[in-house]
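Each value in this text was obtained by applying a stated rule to the coordinates, not by laboratory testing. Predicted model only: the values in this text are computed from it and were never measured. Cβ coordinates were reconstructed from backbone atoms using ideal geometry, including for glycine residues, and neighbour counts include every protein chain displayed.
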Amino acid sequence: MAALGRDVRPERADIVQLGLGKGLLVQELGWDEDVDEELREAIMEVVDADLIEESDNAVDVVVQWWRLDDGDIVDCLVDALTDLSENGYVWLLTPKFGRPGHVPQADVAEGAVTAGLALTSTARVSPEWAAHKLVRPRGPRR
């Protein structure tokens, strides 16, 4: 994997928080006209590939754009797991507080647990969107 940060333009160094590197397969779900195109381009630059919508192979990362009026967040997260590799992770991108379509942090956390995921971190990677990292829990569930 490429050294993170070296392959990223200085003005988008914040994308390093996403933990992406060259060669990762990244699936994008929930795209619409309101997404941050600069963030999308930065992700593609770092992984040195286009984002994929549908995959015949397991993907390393799912980037899921999600807004409050998009429906049930649990269904969204379960759908994100469809093509995700066993060790892969999901970056759920939601509008920041005060923006149209904002999803409360409590809804993200509750949806993650219900979908069988764990919310591990949040990153600031866009002026309009918050990024929430979701992973499959390690070890047996209680």
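What is the distance, in nm, between label points placed 7 Å from the Cα along the Cα-to-Cβ direction at GLU110 and at ASP34?
2.1
Over the chain, with a Gaussian network built from C-alpha contacts below 10 Å, which listed residue (VAL108, VAL125, VAL78) shows the highest mean-square fluctuation?
VAL78
Normalised by the residues of the chain, what does the relative contact order come to in percent, with Cα pairs under 8 Å and at least six apart? Could the numbers behind the result be given before it?
On the way: 243 pairs, mean separation 29.7, N = 142.
This gives 21 percent for the chain.
For every helix of n ≥ 4 consecutive DSSP H residues, a contribution of -39,500 (n - 2.57) applies; sum these over the chain, divide by its total residues, and give [θ] at 222 nm rounded to the nearest 500 deg cm²/dmol. Show your work: numbers first, answer last.
Values: 3 runs with 29 residues, N = 142.
Value at 222 nm, helices only, nearest 500: -6000 deg cm²/dmol.
Is there a quick way to get the dipole size of the chain? I mean about its Cα centre, with the Cβ of Lys and Arg at +1 and of Asp and Glu at -1; what is the value in debye to the nearest 20?
Values: 14 positive and 28 negative charges, 213 e Å.
Result for the chain is approximately 1020 debye, rounded to the nearest 20.
Starting from a Cα-only point model with no solvent, please compute log10 I(q)/I(0) by Debye for the stretch 10-135 at q = 0.09, 0.17 1/Å.
For the requested q values the scattering log ratios are -0.21, -0.82.
For a quick check: with amide H placed at 1.01 Å from N, whose amide H comes under 5 Å from VAL63's, ignoring anything fewer than 5 positions away on the same chain?
HN-HN under 5 Å from VAL63: GLN27, GLU28, LEU29, TRP91.
For the pair ASP69 and ARG138, how long in nm is the line joining their label points, each one 7 Å along Cα→Cβ?
The two pseudo-label positions are separated by 4.1 nm.
Using θ = phi - 60° and the Karplus relation 6.51 cos²θ - 1.76 cosθ + 1.60, list the HN-Hα couplings for the stretch 45-53 in order, rounded to whole Hz, with x at every Gly or Pro.
Values per residue, Gly and Pro as x: 5, 5, 7, 6, 6, 6, 6, 10, 8 Hz.
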